[in-house]
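What follows is one structure encoded as C-alpha cells, with my remarks underneath.
Values in this text are rule-based calculations from the coordinates and carry no lab data. Treat the numbers as computed from the prediction; the structure is a model and nothing was measured. All Cβ positions, glycine included, derive from the backbone under ideal geometry; neighbour counts span all protein chains shown.
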Amino acid sequence: MEQPENNDNQASEPTPPANSGFDLGTVIAQAKQVITDPTGFYRAMSRSGGYSEPLIFALVMGVMAGIIYALLSILGLTGAGLGGLAAIIMAPLLMLIGSFIAAAILFVIWKLMGSPHGFEVAYRSVAYSYAIVPVLAVFSIIPYLGTLLRVAWSTWLMIIASVEVHARARQTAMIVFGILGALLLFSQLSGEYAQRNLQDAMEKRLGENAEQIERSMQSLQKLGVDEEGNIDPEKAGRAMGDFLRGIQEAAEGKQPAEADTDKQE
C-alpha cells in the first residue's frame, strides 16, 4: 500500500534525475514551486543525486538576480550606476560560495537538532531556497524592506526544510530558526543602516569638495588664470595691485570703508 504513495511523490517531485542533463524549463518550474508551494517542494525533494543539480540551480538563480539588479542599476534605481552591471558576474559567484558556507553552518545546526541526513541534503535544502533571490533583487531597491523580506522569507523556508526534509518537529524548528532569524535580521538591518549613513556622509563630503574646487577656480579666474592654465597679464596685474593695496591699508590701520572714502576724495 505504500508503493503508490511513493510513486505519487516521485511524480510531483520537481527535481529531474541526475543523468537527465540541464533543462532550463525544469529549473524555472522548480523555482516557481519553491516560491508558491515550498512545503510540497521540500517534501518531494530528492535526498541524493549529487551536487550538480542544486549547484546549477543556485547558479541560474544567481545569474537571473544579477541581470535584474543590473537592469535596475541602468534605470538608476539602485544607486550603483553602471557599476551595477558587475552584478551579472559577481552575483552567481558570490551565490555559489555563499551556498556552501550557508550549507555548512546549517548542516551543523540540523545535526544538533538531530537530523539524520548528511551534508548533501543540507546543501540541497539551501541551494533550492535560492529560488527567491531573483524576486528579492527587485525589492532590494527599497531601503530596509528588501533586507526584512530576505531574512524573513529565508528563515521560513529553512523552517519548512527542517520539518519536511530533516523530519524535525515544527515547534522546535520555529524556535531555533526564529531566534537565528531575529539575530540575523538585527545584524543585517544594523549593517544596512551603517552603510547608508556612510554613503550619505561620503556624498556630502564630495559635494563640499566640489564647491571648494569651484571656489578655487573662481579665485584663479580673478587672478587671470583660465581653465587651461593660461594667464591674463592685465587681470593678474589688477589682482596683484588689489592685493598689495589691501596689505598697505592693513598696515596703515585703515578699514576698507575708510580706504574707499580716501580713494574717492
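Numbers at a glance
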read-out: Net charge of Cβ neighbours under 14 Å - reference GLU192; Lys, Arg +1; Asp, Glu -1; value: +1
read-out: Linear extension gain, ILE97 paired with VAL138, 0.36 nm per residue minus alpha-carbon span; value: 12.6 nm
read-out: Order of SER48, SER73 - criterion: other Cβ atoms within 10 Å of each residue's Cβ, fewest first; value: SER48, SER73
read-out: Total formal charge among the other residues, if their Cβ is under 15 angstrom from that of MET113, Lys/Arg +1 and Asp/Glu -1; value: +2
read-out: Amide H partners (placed H, <5 Å) of HIS166, local residues excluded; value: none
read-out: Neighbour-count order for HIS117, HIS166, fewest beta carbons within 10 angstrom listed first; value: HIS117, HIS166
read-out: Backbone HN-Hα couplings from phi across segment 183-188 [Karplus 6.51/-1.76/1.60, Hz, Gly and Pro as x]; value: 5, 5, 5, 4, 5, 5
read-out: Packing-based exposure ordering (other Cβ within 10 Å, fewest first) of PHE186, PHE139, PHE57; value: PHE186, PHE139, PHE57
